[in-house]
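Here's the structure, in structure tokens; my notes come after.
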Amino acid sequence: MKKIVIILITLLTLPFPLSAQENTPVPISRQIYSFSPMAHVYLNNLGLIDTNNNGVIDRGAGEGYEGFIVKYGNADIGFHANYVLCCEANGKLEEPEIINHYYLTIRFNPEFEEETAAIESEVSAYIYANDMPLVWLDDEQGTVMNAVNTALGEGWNRQGLTESEAITLFNTAKSRMNIRGRTGVPNSNGGYYTLPEFVTRKAGYCVEAALIGFWFFSQLQIRSLVVDTALTSSLAHAVIKLNNSNTIIDYFETSYHYRVPVNQWANFDPVKSIGEYYYVLARTNNSRLFAEQSVIYSKYDIPLTAYLMNMYSNNPVPNHAEIIEIGRFILNNVDIPRVMASDTKEINSIKNTFERILSVLIESYSATGNRTGFNNVEHLLNQYYSHDPNVKPFLDYYRF
């Protein structure tokens, strides 16, 4: 009973739950400068508190940065956004750093059993209570567990297996479940499936396949994380990586032909996967609400932010102040020079969406008569997109 009470109290006190957002909308520009709603489960159980509500845990601010590093190890090592590493050793713990560190170092560590039990329980309770997509969780009816039990027999998850033995078991389950890969663009094909849908429909994309691997190894208390990379200029791919051995497991074996070095896979934490799910759902349904949710849970992502800003810009009465604040977040919190210098295979797509962010900002700065903002963005457009013949006419049109 005590655990249930604690969980309920946590759910009721977390800022900006999805249900509250629907009843009393909070501007996205405010939410992205805070931790995402579900992230507070991790903060509360790891001794962290964002006292100034700026969306990061600052060193020297009494927010738990130093104690976290001492107890759990250094998490201030950066995180991948738009396929480049950013924010490493900057005296701040950003949300992806905290989440990644939990899943790669803290979770299932015998020294941190109490934290693991609390976080696992409260994250599940939060997702179920707020009707969020089950991208890496089973449903309350046990649909995924029942499907794997059918493939492997009950009790498979109660064995203390080594990583090697667990991989063999996973491959057996994969073979017996006979799930085919889906092709085409997800938002033109009904969007991503949840994990229960993945096993009942026996089909899915690489992300869903990686997430069932994450679920599977979680049942065996083996630390893992979904990682992704761009295999070609038009093909991004996600797989599961086991933490202790850095073993890459590709459900559909798509990446094996490309021989991707293990250090070229970028961590793709479970909270970010929620943002990606909402993004595809937004594009599938042309939904502003889902686009907003995608940015809340993956706020450093240029394509997701560009899509939302474009939706706001196309509104008959654009909220220019909101558009400007969202765009400024990307300019201030993403290492733009490093992104633009990146040789990742998908960089042209990211550059195109960043150009759209700058274009929408120009429109809003022009509409509000903000000369400083206009000049700053004009400089970036000329710096990175001088080869685009449309840039000068566009700037001249909005110049004031």
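Every number here is computed from the coordinates shown, using simple stated rules; none is lab data. Source: prediction; values computed, not measured. So basically every Cβ, Gly included, is an ideal-geometry build from the backbone, and we count neighbours across all protein chains shown.
Give the lysines whose C-alpha is closer than 23 Å to that of Lys92, dropping any in the same chain fewer than 8 places away, or say none.
Lys71, Lys272, Lys299
Just to confirm a number: summing +1 for Lys and Arg and -1 for Asp and Glu over residues other than Ala89 whose beta-carbon lies under 15 angstrom from that of Ala89, what do you get?
Residues close to Ala89 contribute a combined charge of -4.
D for the range 97-175, whole µm²/s, Stokes-Einstein with Kirkwood Rh over alpha-carbon pairs at 10 °C and 1.306 mPa s: what number?
Working: Rh = 14.7 Å.
It diffuses with D of about 108 µm²/s by this estimate.
Counting only complete DSSP H runs, which helices of the chain cover 18 Å or more along their long axis at the Cα atoms and score a mean Kyte-Doolittle of -1.0 or above? Provide the component values of the computation, followed by the final result.
Values: long enough: 113-129 (24 Å, -0.12); 163-177 (21 Å, -0.35); 206-219 (20 Å, 1.28); 270-285 (23 Å, -0.27); 320-333 (20 Å, 0.31); 347-368 (31 Å, 0.28); 371-384 (20 Å, -0.93).
Result, helices passing both filters: 113-129, 163-177, 206-219, 270-285, 320-333, 347-368, 371-384.
Among the trypsin sites (Lys or Arg not before Pro) within the range 302-400, which fall in a DSSP loop and have no more than 15 other Cβ atoms within 10 Å of their own Cβ?
On the way: sites: Arg328, Arg338, Lys345, Lys351, Arg356, Arg371, Arg399; in loops: Lys345, Arg399.
Taking the range 302-400 and a limit of 15 other Cβ atoms within 10 Å, the loop trypsin sites (Lys or Arg not before Pro) found are Arg399.
How would the range 189-240 be classified by its alpha-carbon gyration tensor: rounded, prolate or oblate, with rounded meaning a/c under 1.5 and the a/b versus b/c comparison settling the rest? Write down the numbers at each step before the final one.
On the way: a/c = 3.41, a/b = 1.17, b/c = 2.92.
Cα axes put the range 189-240 in the oblate bin.
Measuring from label point to label point, each 7 Å out along Cα→Cβ, what is the Glu113 to Asp396 span in nm?
My value for the distance between the label points is 7.3 nm.
Find the all-direction average of the projected area of the Cα convex hull for the range 37-187, expressing the result in square nanometres with one decimal place. Don't skip to the end; give the middle numbers.
Details: hull surface 47.6 nm².
Averaged projected hull area, Cα only: 11.9 nm².
Relative contact order of the chain: what whole-number percent is it, with Cα pairs under 8 angstrom and at least 6 residues apart?
On the way: 527 pairs, mean separation 54.3, N = 400.
The value is 14 percent.
Suppose the chain between Tyr128 and Thr232 were pulled fully straight at 0.36 nm per residue; how much longer would it get relative to their current alpha carbon spacing?
Numbers: separation 104, 0.36 × 104 = 37.44 nm, distance 3.64 nm.
Full-extension gain reported as 33.8 nm.
Projected area of the chain, taken from the Cα convex hull and averaged over every viewing direction, in nm²? Don't jump to the answer; show the numbers that get you there.
Numbers: hull surface 82.2 nm².
The number I arrive at for the chain is 20.6 nm².
How much net charge surrounds Ser273 when only the other residues with a Cβ under 11 Å from the Cβ of Ser273 are counted, with Lys and Arg +1 and Asp and Glu -1? Write out the running numbers ahead of the final one.
Working: positive: Lys272; negative: Glu208, Asp228, Asp269, Glu276.
Value of the local net charge: -3.
Amide H of Leu231: which non-local residues (sequence gap of 5 or more, or other chain) have their own amide H closer than 5 Å, using H built in the peptide plane?
Here the answer is Ala236, His237, since their amide H atoms fall under 5 Å of that of Leu231.
If you bin the C-alpha pair distances of the range 143-268 every 5 Å from 0, what whole percents do you get?
The distribution over the range 143-268 is 2, 10, 22, 24, 21, 13, 6, 2, 0, given as percents.
Report, ordered by chain and residue number, the lysines lying within cross-link reach of Lys392, taken as a straight Cα distance under 22 Å and ignoring same-chain residues fewer than 8 apart.
Within the straight-line cut-off, Lys392 pairs with Lys351.
Give the Debye-formula value of log10 I(q)/I(0) at each listed q (0.11 Å⁻¹), with one equal scatterer per alpha carbon of the range 232-318, two decimals each.
Log-scaled intensity ratios, in q order: -0.41.
Given H placed on each backbone N at 1.01 Å, which residues far from Ala203 in sequence or on other chains put an amide H within less than 5 Å of it?
Arg180
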